[in-house]
Amino acid sequence: MVNEQNNDFVVTPWEVHGKIDYNRLMEKFGTSPITEDLLERIRRHAGDLHFMLRRGIFFTHRDMDWILDEFEKGNKFHLYTGRGPSDHTHLGHLVPWVFTKWLQDKFDAKLIFQLTDDEKFLFKEELELSDTYSYALDNALDVIALGFDPNKTEIYIDTDNAKTFYKLALPIAKKITFSTVKASFGFDNSMNIGSIFYTSIQAVPAILESVKQGKNIPCLIPHAIDQDPHFRVARDVLPKLGFYKPGNIQCQFIPGLSGPESKMSASDPTETIFVTDTPKSVKNKIIKYAFSGGQATIKEHRELGGNPDIDVSFQWLKLLFEPDDQKLKKIEEDYRTGDLLTGDLKNILIEKANEFLIHHRKEREKAKDKLDRFLVKD
Ligand code: TYM
């Protein structure tokens, strides 16, 4: 069982709560840390390092060194990532996607993006297939809005590609036992049978390019660590079918509004800022709900300083909205010394977040005319 119950935290693709110890999680899942050597190798090829690598937000991997070995031999990898369309896109989803865009640019890599309307229908009691399909179209706009190259990006909604996906999922599913699924995802006998089958569908895009090209192509999957159990199973099965194991590069979670021990999640709107929230709503949510690492009174804060490590506004700046290390460091220092008050810090975040989101929503509008260039249907 991959749930980390002992330390009072749980991480599965469908449930994340508690104070996550990322080192323990890495040990438990059997992923490797991103070392200085690996960072240096990435920097050599990319020319620089994305702030999510510099800051350890992407902190763990499987076979990233092998991906680079192959790349150096001229065997280029393609990227694969995805989204379970259960609602509008929220800030947390942007973390792996912004990083994936950087990888596409730096490594000139093709991206396969999977929208799992089937998954969210199966796992969310309250959602119909028509709901998850329309969220898939909605979420696709956010992917396109981030500026992925239309000539190198394919977006697949699962039910629009059932013919291709089902045929490729079947041999995968045949090699996965019910007990493996139970152990990997913590399922019990009450799960519906579609959910038990589902992981084989999430494995398909990792082999799609190899099948299309008729030769093995390395695949690198950026994602947050909650999705790891899927790819642990896929890595076990795919070599048995003659494919490479996919490599993974995995990030931490953006916390929800209520504090560092929460995870931003679409199923809890009080924790979450959606990309579709208005500037006013972004401001109100941050002012009212963003957990503060500051002191109870201004006097105490000036004397004792704040704690950016637990402050949600600071964490969002660090994880997504302030790519400039110097600026971030200054904010961090001023908050620690008490020069910067919680209200000031929140205002910095509100400005940065709204600037980002206003631009994003403009691009999102333009993306409506580009959907057909990105969406693949069989
Ligand atoms: P989903 O829709 O739950 O999440 C989409 C992507 O966002 C990551 N993520 C987060 N990252 C940072 N902070 C958070 N608070 C946060 N919440 C979610 C997820 O890890 C994921 O990378 N089953 C998948 C869809 C999928 C997929 C894939 C994801 C299909 N194929 C390949 C990654 C890679 C899902 O429901 O993701």
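The values are calculated or read from the model by the stated rules, or taken from the named source; none is laboratory data. Being a predicted model, the structure only gives us computed values, none of them experimental. Here the Cβ is made from the backbone with ideal geometry for all residues, glycine too, and neighbour counts use every protein chain on show. Ligands, DNA and RNA are excluded from the accessible area calculation, which covers all protein heavy atoms including side chains. Shrake-Rupley method; radii C 1.70, N 1.55, O 1.52, S 1.80 Å.
A few remarks follow.
- Among H88, I207, G194 - extreme Cα towards positive end, dipole of the chain, charges at beta-carbon: I207
- Under 19 Å from the H17 label point (7 Å along Cα→beta-carbon), backbone N, segment 94-127: 123-126
- Simple spin-label estimate for K215 and S179 in nanometres, 7 Å along Cα-Cβ: 4.1 nm
- Beta-bridge orientation, the chain: approximately 35 percent antiparallel, per DSSP, counting only bridges with both partners inside.
- Subset of K106/K366; K152/K318; K124/K330; K175/K318 violating a 32 Å alpha-carbon distance limit: K124/K330; K175/K318
- Computed E for S134/N75 - FRET, C-beta separation, R0 45 angstrom, nearest 0.05: 0.70
- Sequence ranges 287-293, 307-313, ranked by mean other-Cβ count within 10 angstrom, highest first: 307-313, 287-293
- Globularity index of the chain, i.e. its alpha-carbon radius of gyration over 2.2 N^0.38 Å: 0.99
- Here segment 120-254 is treated with +1 on each Lys and Arg Cβ and -1 on each Asp and Glu Cβ, and its dipole about the Cα centre works out to around 920 debye.
- Per atom type, the chain shows carbon and sulfur on 50% of its accessible surface, probed at 1.4 Å.
- Prolate/oblate/rounded call for segment 279-366, Cα gyration tensor, a/c under 1.5 rounded: prolate
- Taking H90, H301, H223 as the candidate residues, the one with maximal mean-square fluctuation in a Gaussian network model of the chain, Cα springs under 10 Å, is H301.
- Dipole of segment 279-366, positive end: most advanced residue of S313, I331, N284 [Cβ charges, Cα centre]: N284
- Contour excess over end-to-end distance, with Cα ends at E365 and K163 and 0.36 nm allotted per residue: 69.7 nm
- Segments 260-268, 239-247 sorted - mean Cβ within 10 Å per residue, highest first: 260-268, 239-247
- For segment 279-366: accessible area per residue (Å², 1.4 Å): 54 Å²
- When +1 charges are put on Lys and Arg Cβ atoms and -1 charges on Asp and Glu Cβ atoms, the dipole computed for segment 279-366 relative to its Cα centre reaches about 540 debye.
- Difference of contour (0.36 nm per residue) and Cα-Cα distance, S32 to N192: 54.3 nm
- Under a model in which nothing but the beta-carbon of Lys, Arg (+1) and Asp, Glu (-1) is charged, the chain shows a dipole of about 840 debye around its Cα centre.
- At an R0 of 25 angstrom, the distance between the Cβ atoms of Y289 and K327 translates into a FRET efficiency of 0.55.
- Partner aspartates and glutamates for K110 [C-alpha distance under 12 Å; skip if fewer than 8 residues away on the same chain]: D149, E154, E209
- Efficiency of FRET from Cβ geometry, L146 and K240, R₀ 45 Å, rounded to 0.05: 0.80
- Residue separation of D372 and E125 scaled by 0.36 nm, minus their Cα-Cα distance, works out to 85.9 nm of gained length.
- With all protein chains kept in place, the per residue accessible area of segment 39-93 amounts to 34 square angstrom at a probe of 1.4 angstrom.
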